[in-house]
């Protein structure tokens, strides 16, 4: 066995031993009512080409398959079978590219029994470009009891809250506080102590497919209330610009809102964030690793989490127009998922940036 792999396996064994000494209280019960995720590896595929089986999963009937296809330059539609619910729910998309390409949502809608997610991708500067990406759509209802994790989401269109969900049954609000700046409050979903916890993901949306990017400006907690400031930018100039967007928060459950399954998921926000923003099930707080690998590049390691049907998303954090993508499809080392991330300045040049990353399996 190579020396590097022996060291990695030893580290995983040590983490497992610590987890057995300090067992994690699981977030039990409740799944998303309907959900689907997928990876588009060939953005030039014809409609409706089956998407890679190892990177798609959903609440559809076993035996069905997520499909997709190119409909214009940089524009690709994903079809999740038999879970159609129209414009309700929440969606995210993350480009998988090392050259500064990025993606946004156009819309999602029902088509017969199926759910369609419409995605537009661009090269730096905002010109359309065919681009691989990860995508998810999820819809939840009902309220979770205390102590079983939390999930909340919001869609903002025309500077107003269009729809929202909160697993605590508490309010969600969104306000436009400046050009391209929004404050989204998720009440009751954070740690009762008020410590920063969980994970946030943000995706720009433009119904006319004009280029926008949105990110986490900053986020914090006050008691169990989570406050996320979202910043959106014009990819041409890098200037702040109003935009539609989606935002979600998940704590001790997967990015698509479910738990048990999946029982293998985790998230990490890069330094200076720590504590409950570095979380894994089944390992608890702190097992995921982060390491810079060069200017603007880094890897996140999620021990034990590379199981069947996996997905990942990344959102940049900060006040500049910088942004982050998944550099290439994550690797599997034993059962560790190794997620490479690349961040860019507005012009597409490599630039160090903080970011929020999340990874989940289907089981």
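Work out Dmax and Rg for region 140-291 from the C-alpha atoms and quote the Rg first, both in angstrom.
Cα only, region 140-291: 15.4, 46 Å (Rg, Dmax).
How large is the convex hull of the Cα atoms of region 124-192 per residue, expressed in Å³ as a whole number?
Taking the convex hull of the Cα positions in region 124-192, it is 153 Å³ per residue.
Give or take rounding to whole Å, what are the principal axis extents of the alpha carbon atoms in region 209-300, in descending order?
Each principal axis gives a Cα extent; for region 209-300 these are 43, 34, 28 Å.
At 25 °C and 0.890 mPa s, grab the translational diffusion coefficient of the chain from Stokes-Einstein with a Kirkwood Rh over Cα pairs, rounded to a whole number in µm² per second.
Here the translational diffusion coefficient equals 123 µm²/s.
Give me Rg over Rh for region 306-363, both radii from the alpha carbons and Rh done the Kirkwood way, two decimal places.
Using only Cα positions, Rg/Rh for region 306-363 is 1.05.
Could you calculate the contour length gain from residue 208 to residue 274, that is, 0.36 nm times the residue separation minus the distance between their Cα atoms, to one decimal place in nm?
On the way: separation 66, 0.36 × 66 = 23.76 nm, distance 3.81 nm.
Going from the current span to full extension adds 19.9 nm.
For n ≥ 4 DSSP H runs only, could you compute -39500 (n - 2.57) per run for the chain, divide by its residues and tell me the 222 nm figure to the nearest 500?
Details: 1 runs with 19 residues, N = 363.
Theoretical 222 nm ellipticity from helices: -2000 deg cm²/dmol.
At a temperature of 25 °C and a viscosity of 0.890 mPa s, determine how fast region 63-161 diffuses translationally according to Stokes-Einstein, using the Kirkwood radius over alpha-carbon pairs as Rh; express D in µm²/s, rounded to the nearest whole number.
On the way: Rh = 15.0 Å.
Value of D from the Cα-based Kirkwood radius: 164 µm²/s.
Any read-out appearing in this document is the output of simple, stated calculations on the displayed coordinates, not a laboratory observation. Not measured: the values here are computed from a predicted model.
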